[in-house]
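Enquirer: Quick one: the structure is below, and I'll ask about it shortly.
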Amino acid sequence: MLLLDKPLGLSSNDALQKVKRLFRAEKAGHTGTLDPLATGLLPLCFGAATKFSQVSLDADKRYTATLRLGVTTTTADAEGEVLETRPVQMPDGRPISPADIEAVCGRFVGQIKQLPPMYSALKRDGKALYEYARAGIEVEREARAVTIFSIKVLDVAGGEIGAETPPTEPAKATAESLNGGLPVGGASAPIQAGAAAATGPEAPPTKPAQPAAKSSVERMTVGGASAPIRAGAAPAIAAKAAPTAIGANEAPALITLDIRCSKGTYIRTLAEDIGKALGCGAHLAALRRTETGPLTLVTALTLAQLEQMDEPTRDATLLPADILLADWPTVRLAPEDAARFLNGVRRRLPLSDAPHVRVYGPEPKAFLGSGHIAGGELISDRLLSPVEVQGLLDQPFPALGNA
């Protein structure tokens, strides 16, 4: 496994192929597509780890998203053509305040329905939707249920804001409810096992965000004082122009959000929907993925860092395959039970039922595969071969925590 900090401008597959060549890997895959516009965490699997890539694909995600208000585009992001430019104000004509933004974002927390964008890789009759879109054809799509666990307003920029409209009590309540999203700690704590420290310059050519104007709303940070972005990294947004007012009233032109969501969530669509709810329209200006399940950017490396390493140093950055299951309960088997489990034989154990467990042999690093427990029986789901297990034992990985 490798945690890559994907740069701006590369597709996920292009990034994968570059890393695959660096490691001279025969079998590799990524665990969740990032558009070229997006940067951030892209877990890459090599060899036996590809057996567990679906776990990361199905995991919840976390993003830092920057929305430009008052401008809608054909693709709902910065790559599309501008459709409309509107004053950044509420439908009643008053300037948009931070309280308005928080209140509107609060409406999208929970399970919602999203209509997949035409500019997406979803297939219809064997053809990607973006191919239809480029041909000027719009096809019928079915709305899909996704879950937004939390949205926090990190930054609001674009003039003196909030002076005209202080937060109302309902808005304050909304802001407090937004703080009740899934915790950053616990299962989602940064994974350090076997990783080299991330150093060096950030790959995407971005500029630090300018401080926002004073506001009556306290700014929130990602996960408290420590954002899940490694030391020395550029902020999680692409370069932005100096804030300018859109329309007659000075109002925020850019807002930056910390979003925790389920798999399959289109942040572009969410940005567009938030703009509609505000009444001024919006598009996604920049996007950075900061977490995938228990994995974070803390130990992620850039392409530039990998390219500068010699082969032994680069190989030492690889992580064990079981890091993908780091937030699952652990089961450790005695030698006889381990051998039978590897052959697909169910084992009766005095353990409570569990939908997902990671299973180990007697040696600390002897990861055997994944399974579940039902009716007091351990049942295998995905197994490594004995050769693959031995290969993990021969690697210089430390044992994963609680393994």
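Enquirer: Could you tell me the calculated FRET efficiency between residue 379 and residue 263, based on Cβ-Cβ distance and R0 = 22 angstrom, to the nearest 0.05?
Expert: The formula returns an efficiency of 0.35 here.
Enquirer: Still on this structure, please answer the following. Which entries of 18/61; 152/365; 152/263 show an alpha-carbon separation above 29 angstrom in the structure shown?
Expert: Distance filter (> 29 Å) returns 152/365.
Enquirer: Still on this structure, please answer the following. Measure of size requested: the Rg and Dmax of the range 328-394, with Cα atoms as the atom set and Å as the unit; please supply both.
Expert: Looking at the range 328-394, its Cα Rg and Dmax stand at 10.9, 35 Å.
Enquirer: Tally Lys/Arg at +1 and Asp/Glu at -1 over every other residue whose Cβ is under 12 Å from the Cβ of residue 343; what's the total?
Expert: Net charge in that neighbourhood comes out at +1.
Enquirer: Just to check I understand the Karplus step: with θ = phi - 60° and J = 6.51 cos²θ - 1.76 cosθ + 1.60, what whole-Hz values come out for the range 302-317, glycine and proline as x?
Expert: Per-residue couplings from phi come out as 8, 4, 4, 5, 5, 5, 7, 7, 7, 4, x, 5, 5, 4, 6, 7 Hz.
Enquirer: Still on this structure, I have one more. Identify all aspartates and glutamates with a Cα-Cα distance to residue 20 below 16 Å; exclude those on the same chain that are fewer than 8 residues away in sequence.
Expert: Those aspartates and glutamates meeting the cut-off are 5, 307, 310, 311, 315.
Enquirer: Could you give me the ³J(HN,Hα) list for the range 283-294, computed from phi with Karplus coefficients 6.51, -1.76, 1.60 and θ = phi - 60°, whole Hz, x at Gly and Pro?
Expert: Ordered by residue, 3J(HN,Hα) equals 9, 7, 8, 7, 8, 9, 7, 10, 8, 9, x, x Hz.
Enquirer: Mind listing which trypsin sites (Lys or Arg not before Pro) in the range 1-50 are in a DSSP loop and have 16 or fewer other Cβ atoms within 10 Å?
Expert: 24, 27
Enquirer: If amide hydrogens are placed 1.01 Å from N in the peptide plane, which non-local residues have theirs closer than 5 Å to the one on residue 281?
Expert: HN-HN under 5 Å from residue 281: 70, 276.
Every read-out reported here was derived from the displayed coordinates using simple, explicitly stated rules and does not represent laboratory data. Every value quoted in this text rests on a predicted model; they were computed, and no experiment measured them. Neighbour counts are summed over all protein chains in view; Cβ atoms, including those assigned to glycine, are modelled from backbone coordinates with ideal geometry.
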